[in-house]
Amino acid sequence: SFLPRFMIWNTMMGTSILSIPWGIKQAGFTSGIILILLMGILTLYCCYRVVKSRKMIPLIDTSNWEFPDVCKYYFGSFGQWSSLLFSMVSLVGAMVVYWVLMSNFLFNTGRFIYNFVHDINVTDIVPGTNGSNKVICPSAAGGHPPQNRSVMFSSGNNTGFELFEEWWNKSQTVPFYLIAVLLPLLNLKSPSFFAKFNVLGTVSVVYLVFLVTVKAARLGIHLEYNWFTENDFFVPEFRILFPQLTGVLTLAFFIHNCVITLLQNNRNQENNVRDLSIAYFLVGLTYLYVGVIIFASFPSPPLSKECIEQNFLDNFPSDDIMSFVARIFLLFQMMTVYPLLGYLARVQLLRQFFGNAYPSIFHVLSLNVAVVGAGVAMARFYPNIGGIIRYSGATCGLAFVFVYPSLIYMISLHRAGQLTWPALIIHIFIILLGLANLIAQFLL
């Protein structure tokens, strides 16, 4: 019974963990912690409704149904197509985030190796702390493109370095280099080979927790409590930008479109709810730990908490050994998960349209070129993973987390003549929360 909990934890622990400290900074420290707890409980409840949704259907064997089948049963072809659409939003959104992050990690890794091999000591012209545990504030350097701000002290010639900087550019060249590796992998008929690397995800999350703990032990805790007042170094405990965190959390706790599949292999089906709850508890604990520790140990003063980046690894310079190892781990993990996500998107979309997950190499290639193109475009022009995560999270979360589970539950109760006023009010309120969450992303 340990396995299903672990699988759910492993599937849910995605790239969102890198943005949680930034989300806490946007919401304020205290309200950030409260929101992580509340969103964890709310998304768990909605996930529980998804798991139970098949059992509420009378007189039909639903044992091999997925959640889109349940949506189709209740809402006809609209349910089927809309659940497909939102499922694609979540998958393609995740693939775009992966592309942006892989470009970031590949860029920093390449730069680290180049500087190490050529014995180049690069000092970023960015505000940062001094000493052996350097923390930097890339956003404070303002208007310049972040990848080209470095001063070099080297024993060798400068032209080679300038040439390297030109050909190894975070947004202009590196996202294109990834195409050569990943596009061929996407076209494989079955990505089962990559599923074997699932353990990499666990290793990289465990390593991230280790990195966060070591950094915090060295940096110490820097906290100051002000409820609403702005301060040069600290953010208020409550900020009006808090929906940016709820958007990120909707994706961070999102497993609703595949939870039925994950729990199907559970030997003791009666333990599903318990295993799901334990998995959610562990995921929430991991997010809380990383988010709180990074936020609390961020060295302010001299730096402001506002400096916490959307990917917290960007707050460590590219020559930081521990961050270098973390980036390598995450890069390999994402390169194995990316083809799996592409495979899921392909199966869902092409099977729906053509009745076959691999109609022809032409169909598959066209779909994959479109998905890769979206990733490259975002890495080139809008490399803000926090933004991409919160928009795609709030969009697909609206359907799968808030609206469908609540509507299906209310309809099934109504048909059984068991719908009460409290149940109606609570579930309408959940739907309105999901709607408010989505609208707020575009207002803030």
Inset, instruction - Tabulate in residue order the Karplus-calculated ³J(HN,Hα) for the range 49-59, using 6.51 cos²θ - 1.76 cosθ + 1.60 with θ = phi - 60°, rounded to whole Hz; enter x for Gly and Pro. - result: 5, 5, 4, 7, 4, 5, 5, 7, 8, x, 6
Inset, instruction - Note down the net charge around TYR358, summing +1 for each Lys or Arg and -1 for each Asp or Glu among other residues with Cβ under 15 Å from its Cβ. - result: +3
Inset, instruction - Give the angle, between 0 and 90 degrees and rounded to the nearest 10, that separates the Cα long axis of helix 361-381 from the longest principal axis of the Cα atoms of the chain. - result: 50 degrees
Inset, instruction - Classify the range 336-419 as rounded, prolate or oblate, taking a ≥ b ≥ c as the square roots of the eigenvalues of its Cα gyration tensor: rounded when a/c is under 1.5, otherwise prolate if a/b is larger than b/c and oblate if not. - result: oblate
Legend entry - Simple label model, 7 Å out from Cα along Cβ direction - LEU37 to SER132, nm: 3.7 nm
Inset, instruction - Give me the number: length gained by fully extending PHE78 to ILE321, i.e. 0.36 nm times residue separation minus the C-alpha to C-alpha distance, one decimal in nm. - result: 82.4 nm
Legend entry - Whole-percent carbon and sulfur share, accessible surface of the range 227-292, 1.4 Å: 65 percent
Inset, instruction - Measure off 7 Å from each Cα along the Cα-to-Cβ vector at ILE240 and ASN265, then give the distance between these two points in nanometres to one decimal. - result: 4.8 nm
Legend entry - the chain - accessible surface per residue (Å², probe 1.4 Å): 44 Å²
Inset, instruction - Grab the chain and count how many Lys pairs have their alpha-carbon atoms under 22 Å apart, sequence gap of 8 or more, or different chains. - result: 9
Legend entry - Between 0 and 90°, nearest 10: helix 321-354 axis offset from the chain longest Cα axis: 30 degrees
Inset, instruction - Please work out how much length the chain gains when fully extended from LEU223 to ILE113, using 0.36 nm per residue of separation minus the C-alpha to C-alpha distance, in nm with one decimal. - result: 36.1 nm
Legend entry - Top positive-direction residue, dipole computed over the chain with Cβ charges, set PRO138, HIS222, GLY393: GLY393
Legend entry - Of all accessible heavy-atom area on the range 1-114, the percent that carbon and sulfur account for (1.4 Å): 71 percent
Inset, instruction - Using only protein heavy atoms and a 1.4 Å probe, report how much of VAL209 is accessible, in Å² to the nearest 10. - result: 40 Å²
Legend entry - Gyration tensor verdict on the range 305-444 (Cα atoms; rounded if a/c is under 1.5, prolate if a/b is larger than b/c, oblate otherwise): oblate
Legend entry - Where no second cysteine Cβ lies under 4.7 Å, the cysteines concerned in the chain: CYS46, CYS47, CYS71, CYS258, CYS396
Legend entry - Burial ranking of peptide ranges 196-205, 399-408, 414-423 (average Cβ count within 10 Å, highest at the top): 399-408, 196-205, 414-423
Legend entry - Order by protection proxy (mean Cβ within 10 Å, highest first), peptides 428-436, 63-71: 63-71, 428-436
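The values are calculated or read from the model by the stated rules, or taken from the named source; none is laboratory data. All values reported here derive from a predicted model rather than from experimental measurement. Neighbour counts run over all protein chains shown; Cβ positions are idealised from the backbone, glycine included. Heads up: the accessible areas ignore ligands, DNA and RNA and are worked out on the full protein's heavy atoms, side chains in. Shrake-Rupley method; radii C 1.70, N 1.55, O 1.52, S 1.80 Å.
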